[in-house]
C-alpha cells in the first residue's frame, strides 16, 4: 500500500516523532510505499528521510491541515494515518475526502469528547495506542483498531557498566529519582504533586537526588526555579542541559544512559501512552506511575500512585489528580525495593519491542486494510 503518515518529521525528538522514526523503515521493509506529511519539523520545502518523501507543512495553518489533501493526492496515497492529538484537528471536511486512520491517544475517562467529535466529524477510523484507550473508545461506541507504541530495545537497554555510569554522572551513593516531562502544561502531568512529594521524601532521605529531564521555564508551563527554591530542593536537583533540550540534540543513547542511571522514574501524569515508562523499564529502571489512564497498563513490576478524579472542562471527562501523600509512600517503596526488580522491569519492556509491535499489530492491520 501507499501510506501517508501525517505527523512530525521523523527526526523530531517527540513521542510521535520517535514512533514515526521506528515505524517507517520497518513498514517499508514489509513492501509498503511510505511518505510523511509534516505537522511540524519542516516548513515550506520537501525533502527525503532515508529515501522516504517528506512533504512540508506551511506556516499558515496548524498541523498542516491546509496541505494534507494535496500531499495525499501528490503521493497517490491509499490511506493516511494521523499521529498527533486528534482533538487539535480543526478542519474535519478535509479528512472526509481522505481514507483516514486517527492514531489517537486517550488520557482521560471517558474518552475526550473533543477527540470523539473529531473522529465523528471526519469519518475517520480510530486506532487506540493503549488498552486503556481502546476500552474508553469502546465506551463511546467506537470500534477501534489497536496499534500500540513500541520501543527500540537495542538502544534502550540496561547500561553495560551501571556503576561507572553513575559515578561519571555524580550519582555514586545516591538514590536517583528521574522525572522526564515536557513542561508545556500546568495540570496534566501532576508536576506539583511529583515535586512536592519528592521534597517530602528527601526530607527523610537526604541521599535522594532528583534528575529532571525538562526545560525549566516555558510560557505554557511551570516556572520551576522559584518553585524548586520554595520546596528547598534546588541543591539536590540535576537538570538535563537546556541547550540540548531546546535543540533536540540529546540522542536516544543519551536518554538510555539517563534512564539507566536512575533508580526509579516518576511519571504520574495523565498519559495517552507514556513512552518514558517503557523506555525507562527497557533500561532496567522501574517506574512509579499514576493509577489512572495508562498507568496500570505500563507500570510493570513498579508502583501506582493513588489519587482522585478531576474534571477537565475542555475534554468533558476526568483526569487523575495525584495525592502527594501517595507519591511519598511510593517513593518509600521504591527506595526499599527498586534495586530488586530491575531485571523484572526489563522483562516487562520486552513486550513493547517495536519489532514485535509491528509484527503483531501493524502488519495484520495493514493486511486487513489493503
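So here's what we get for this one:
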read-out	value
Any hit, the stretch 230-240, residues being buried (at least 19 other Cβ atoms within 10 Å of the Cβ), in contact with a helix residue (DSSP H, G or I) (Cβ under 8 Å, 6 or more places away or on another chain) and assigned to a strand (DSSP E or B)	yes
Hits in the stretch 144-160 - residues which are outside any loop (DSSP other than H, G, I, E, B) and either under 18 Å from the mean Cα position of the chain (by Cα) or without any contact (Cβ under 8 Å) to a residue 12 or more places away in the chain (or both)	146, 151
Of residues in the stretch 45-61 being more than 27 Å from residue 364 (Cβ to Cβ) and out of contact with any strand residue (DSSP E or B) (no Cβ under 8 Å at 6 or more places or on another chain), the one surrounded by the most Cβ atoms within 10 Å (Cβ to Cβ)	61
Every residue from the stretch 75-102 that is assigned to a strand (DSSP E or B) and either touching a residue at least 60 places away in the same chain (Cβ under 8 Å) or farther than 15 Å from residue 8 by Cα (or both)	79, 80, 81, 82, 83, 100, 101
Residue in the stretch 230-240 that is farther than 18 Å from residue 266 by Cβ and modelled with pLDDT under 95 present	no
Residue in the stretch 319-342 that is in the same structural domain as residue 196 (by TED's automatic domain parsing), at pLDDT 95 or above and closer than 24 Å to residue 144 by Cα present	yes
Total residues in the stretch 140-160, condition out of contact with any strand residue (DSSP E or B) (no Cβ under 6 Å at 6 or more places or on another chain) and under 26 Å from residue 13 (Cα atoms)	12
Among (1) within 24 Å of residue 370 (Cβ to Cβ); (2) exposed (fewer than 15 other Cβ atoms within 10 Å of the Cβ); (3) in contact with a strand residue (DSSP E or B) (Cβ under 9 Å, 6 or more places away or on another chain) - the single one residue 19 does not satisfy	(2)
Some residue of the stretch 266-274 being surrounded by fewer than 21 Cβ atoms within 10 Å (Cβ to Cβ) and either more than 14 Å from the chain's Cα centre (by Cα) or in a loop (DSSP other than H, G, I, E, B) (or both)	no
Residue in the stretch 125-139 that is over 16 Å from residue 15 (Cβ atoms) and part of a loop (DSSP other than H, G, I, E, B) present	no
Evaluation of residue 26 against (1) surrounded by fewer than 20 Cβ atoms within 10 Å (Cβ to Cβ); (2) modelled with pLDDT of 95 or more; (3) in a loop (DSSP other than H, G, I, E, B) (one fails), failing number	(3)
Residue list for the stretch 115-144, restricted to those being touching a helix residue (DSSP H, G or I) at 6+ places or on another chain (Cβ under 6 Å) and crowded, with 19+ Cβ neighbours inside 10 Å	115, 118, 122, 124, 126, 128, 130, 132, 144
Residue in the stretch 29-48 that is assigned to a helix (DSSP H, G or I) and out of contact with any helix residue (DSSP H, G or I) (no Cβ under 6 Å at 6 or more places or on another chain) present	yes
Residues satisfying the stated conditions in the stretch 173-229, i.e. in a strand (DSSP E or B) and within 21 Å of the chain's Cα centre (by Cα)	177, 178, 179, 180, 210, 211, 212, 213, 217
Residues located in the stretch 348-370, provided they are out of contact with any strand residue (DSSP E or B) (no Cβ under 9 Å at 6 or more places or on another chain) and in contact (Cβ under 8 Å) with a residue 40 or more places away in the chain	348, 350, 355, 356, 358, 362, 363, 370
Members of the stretch 4-23 found to be under 20 Å from residue 68 (Cα atoms) and not in a helix (DSSP H, G or I), listed by number	4, 5, 6, 7, 8, 9, 10, 11, 12
Test: residue 179 is under 20 Å from residue 285 (Cβ atoms), in contact with a strand residue (DSSP E or B) (Cβ under 6 Å, 6 or more places away or on another chain) and either surrounded by 15 or more Cβ atoms within 10 Å (Cβ to Cβ) or outside the structural domain of residue 35 (by TED's automatic domain parsing) (or both)	yes
Every residue from the stretch 304-358 that is surrounded by fewer than 21 Cβ atoms within 10 Å (Cβ to Cβ) and part of a strand (DSSP E or B)	304, 308, 309, 310, 311, 312, 318, 321, 353
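The values are calculated or read from the model by the stated rules, or taken from the named source; none is laboratory data. What you are looking at is a predicted structure, and each value in this text was computed from that prediction instead of being measured. Don't worry about glycine lacking a Cβ; one is built from the backbone with ideal geometry, like all the others, and counts go over all protein chains shown.
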